[in-house]
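Report on one structure; see the data block that follows.
The values are calculated or read from the model by the stated rules, or taken from the named source; none is laboratory data. Keep in mind it's a predicted model, so treat the numbers as computed, not measured. Using ideal geometry, Cβ is built from the backbone for each residue, glycine included, and neighbour counts are taken over all protein chains shown.
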Amino acid sequence: MGSIEFLRTVINDDGLVATSALAKVLHITQSDLAEVTGLSRDSVSKSNRVKSKATQTRLRDTVEIINRVADWSGGAGRAFAWFRSQPLPSFGDKTAEDLVKEGRADAVKAYLSRIADGGYA
């Protein structure tokens, strides 16, 4: 699945991240999605909570990071594996998942931008 197809699949017509679609693409449960993003189970399963700005921000950060990595990793599945398991030396070997949970997704995105521009990790 290419990055544009990934985005079309996980972003609904209202411009919101569709948690059920995201979980399906990543081959995880909604409970797993909650755990991966540092959100509560209710935040990813109850429609009024899914639509909240805080929930959508965390989900969008996760989707954006996976989407950026998908092109050079071989797809969304491999990008998700990277997100969960690849230690990032610039961040004390924390993973992108760890940093997103800490509310530091912007740091991960800046890191990925440096790499894309030919910089060092």
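The table that follows gives values for the structure above.
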| item | result |
| --- | --- |
| Conditions (1) on the phi > 0 side of the Ramachandran plot; (2) exposed (fewer than 14 other Cβ atoms within 10 Å of the Cβ); number of the one not met by Thr57 | (1) |
| Selection from segment 2-17 of residues that are buried (at least 17 other Cβ atoms within 10 Å of the Cβ) and either aromatic (Phe, Trp, Tyr) or over 11 Å from Val63 (Cα atoms) (or both) | Phe6 |
| Number of the condition not met by Lys94 [criteria: (1) under 21 Å from Gly15 (Cα atoms); (2) more than 11 Å from the chain's Cα centre (by Cα); (3) surrounded by fewer than 20 Cβ atoms within 10 Å (Cβ to Cβ)] | (1) |
| Qualifying residue in segment 51-59 (condition: touching a strand residue (DSSP E or B) at 6+ places or on another chain (Cβ under 9 Å), over 20 Å from Leu112 (Cβ atoms) and part of a helix (DSSP H, G or I)) | yes |
| Qualifying positions in segment 70-121 - over 22 Å from Thr57 (Cα atoms), of a type in the set (Phe, Trp, Tyr) and either in a helix (DSSP H, G or I) or modelled with pLDDT of 90 or more (or both) | Trp72 |
| Pairs with Cβ under 8 Å, 6+ apart, first in segment 56-76 and without any contact (Cβ under 8 Å) to a residue 40 or more places away in the chain and more than 23 Å from Glu102 (Cβ to Cβ), second among the basic types (Lys, Arg) and not in a helix (DSSP H, G or I) | none |
| Scan of segment 10-48 for residues that are assigned to a helix (DSSP H, G or I) and either aliphatic (A, V, I, L, M) or in contact (Cβ under 8 Å) with a residue 60 or more places away in the chain (or both), ordered by number | Val10, Ala21, Leu22, Ala23, Val25, Leu26, Leu33, Ala34, Val36, Thr37, Val44 |
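Okay, residues lined up against (1) more than 22 Å from Glu35 (Cβ to Cβ); (2) of a type in the set (D, E, K, R); (3) surrounded by fewer than 17 Cβ atoms within 10 Å (Cβ to Cβ):
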{"position": "Asn67", "(1), (2), (3)": "no, no, no"}
{"position": "Gly74", "(1), (2), (3)": "yes, no, yes"}
{"position": "Phe83", "(1), (2), (3)": "no, no, no"}
{"position": "Glu102", "(1), (2), (3)": "no, yes, yes"}
{"position": "Val108", "(1), (2), (3)": "no, no, no"}
{"position": "Ser113", "(1), (2), (3)": "yes, no, yes"}
